[in-house]
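K.L.:
Structure in structure tokens, see below.
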Amino acid sequence: MMKRRIFLKNSAAAATVAGLASTGFTSVLAEPKKHITILHTNDVHSHIEPFPPEDPSFANKGGVARRLTLIQKLRQQNPNTLLLDAGDIFQGTPYFNFYGGELEFKLMSMMGYDAATVGNHDFDNGVGGLAAQMPNAKFKMIASNYDFSNTIMDGLTTPHETFDVDGIKIGVFGLGIQLQGLVNPGMSKETKYLDPIEITQDMTRILKQEEKCDLVICLSHLGYKYEFDKVSDIVLAQKTKNIDLIIGGHTHTFLPKPTITTNADGKKVMINQVGWGGINLGKIDFYFDSSGNTEGEGVVINV
């Protein structure tokens with residue numbers, strides 16, 4: 001079982017290493033580490049172009065072209081990169097009204113997204129509308145707690161996926177929000193919502209124990225935090241175990257940096273969400289040493 005050291009800052013250890021280096025023990029500094037970068041978005045809501053100059057909050061920000069340029073630059077810095085999205089890809093501009101999600105999926109495929117999960121607004125043209133666009137998605141659509149077995153979406157999503165990045169095995173699963181009250185039953189049809197806590201326990205057991213993943217990521221469209229009794233990313237992290245990173249969505253929360261909380265085993269979990277509309281790109285860097293230790297740190301980058 002891998003040990004996690006997230007956002008670890010130890011000035012005393014750093015001073016010790018510096019002292020050893022000054023006396024000639026440079027091998028301490030040369031310990032090989034594998035560097036994995038996770039880039040992520042959420043709630044882009046069909047924002048293909050930048051926000052207009054007259055927008056009161058996000059003037060001239062965002063846009064697919066700028067995001068692609070940034071992603072390409074970051075991939076040049078570290079080719080060992082995954083690009084993920086936490087849902088609500090659809091709805092928000094005339095591009096969706098006119099093309100029905102075709103453009104969004106084609107552009108995400110062009111940018112090289114590896115995986116995404118399903119948000120409530122991705123049902124806005126119904127399960128049939130979502131299914132019709134799935135051939136345009138050249139990335140994995142991961143939905144762990146939506147049972148699509150009696151709908152046209154059956155077989156078009158996967159409950160979890162693993163990625164091998166420079167020898168590091170990364171497991172990803174996806175959670176969607178309760179559809180009742182958010183999505184017209186005529187749009188979701190016979191989609192069944194499954195309890196996210198119970199599903200997480202199943203997914204993390206499969207990914208950690210059976211698949212032997214070094215890193216487990218949850219793509220969550222549950223929402224960051226609520227003032228009432230509802231499962232959120234914070235609640236999910238604290239009531240489960242074996243999640244290393246939750247990439248969140250739904251609440252359009254602009255976090256200045258990732259939140260660190262503890263899980264049911266008292267181990268640290270990192271949670272990040274980057275607002276909405278493609279304004280920001282999240283970047284999480286994990287460093288794996290030869291002893292099985294992991295360090296992680298994250299930033300939010302303006303697009």
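Only the coordinates and a few stated rules stand behind these numbers; no lab work does. Since we're looking at a predicted model, the values are computed, not measured. Methodologically, a virtual Cβ is constructed for each residue, glycine included, from the backbone with ideal geometry; neighbour enumeration extends over all protein chains shown.
K.L.:
Please give every one of the lysines within straight-line cross-link reach of Lys169, meaning a C-alpha to C-alpha distance under 22 Å, and leave out same-chain neighbours fewer than 8 residues apart.
P.N.:
The qualifying lysines are Lys3, Lys33, Lys34, Lys138, Lys140, Lys208, Lys212, Lys241, Lys267, Lys268, Lys283.
K.L.:
Something else: What are the ³J(HN,Hα) couplings of region 274-282, residue after residue, when phi is run through the Karplus curve with 6.51, -1.76, 1.60 and θ = phi - 60°? Round to Hz, x for glycine and proline.
P.N.:
So the Karplus estimates, Gly and Pro as x, are 10, x, 6, x, x, 5, 10, 10, x Hz.
K.L.:
Also, quick follow-up: Take the Cα coordinates of region 37-302, assign each an equal point scatterer, and use the Debye formula without solvent to give log10 I(q)/I(0) at q = 0.09, 0.11, 0.14 Å⁻¹.
P.N.:
For region 37-302 at q = 0.09, 0.11, 0.14 Å⁻¹, log10 I(q)/I(0) is -0.36, -0.56, -0.93.
K.L.:
Out of residues 5 or more away from Ile246 or on other chains, whose amide H comes under 5 Å of its own, with H placed 1.01 Å from N in the peptide plane?
P.N.:
Cys218, Met270, Ile271, Asn272
K.L.:
Between Thr162 and Ala65, what is the label-point separation in nm under the 7 Å Cα-to-beta-carbon projection?
P.N.:
4.2
K.L.:
How about region 98-152: which trypsin sites (Lys or Arg not before Pro) there are in a DSSP loop, with at most 15 other Cβ atoms within 10 Å of their Cβ?
P.N.:
Lys138
K.L.:
Given 5 Å bins starting at zero, what is the percent of C-alpha pairs of region 167-303 in each, up to the one with the largest pair distance?
P.N.:
Whole-percent P(r) values from 0 Å outward: 2, 10, 18, 22, 20, 15, 9, 4, 1, 0, 0.
K.L.:
Could you derive backbone 3J(HN,Hα) for region 66-74 from the dihedral phi with the Karplus parameters 6.51, -1.76 and 1.60 (θ = phi - 60°), listing whole Hz in sequence and x where the residue is Gly or Pro?
P.N.:
5, 5, 4, 4, 5, 4, 4, 4, 5
K.L.:
Determine the calculated [θ] at 222 nm for the chain from helices alone, applying -39500 (n - 2.57) to every DSSP H run no shorter than 4 residues and normalising by the residue count; nearest 500 deg cm²/dmol.
P.N.:
So the helix-based figure for the chain works out to -6500 deg cm²/dmol.
K.L.:
Take every DSSP beta bridge with both residues inside the chain and express the antiparallel ones as a percent of the total, to the nearest 5.
P.N.:
Expressed as a percentage, antiparallel bridges in the chain total about 50.
K.L.:
While we're looking at this one, here's another question. Over the chain, what is the relative contact order in percent, taking alpha-carbon pairs closer than 8 angstrom and at least six residues apart?
P.N.:
The value is 23 percent.
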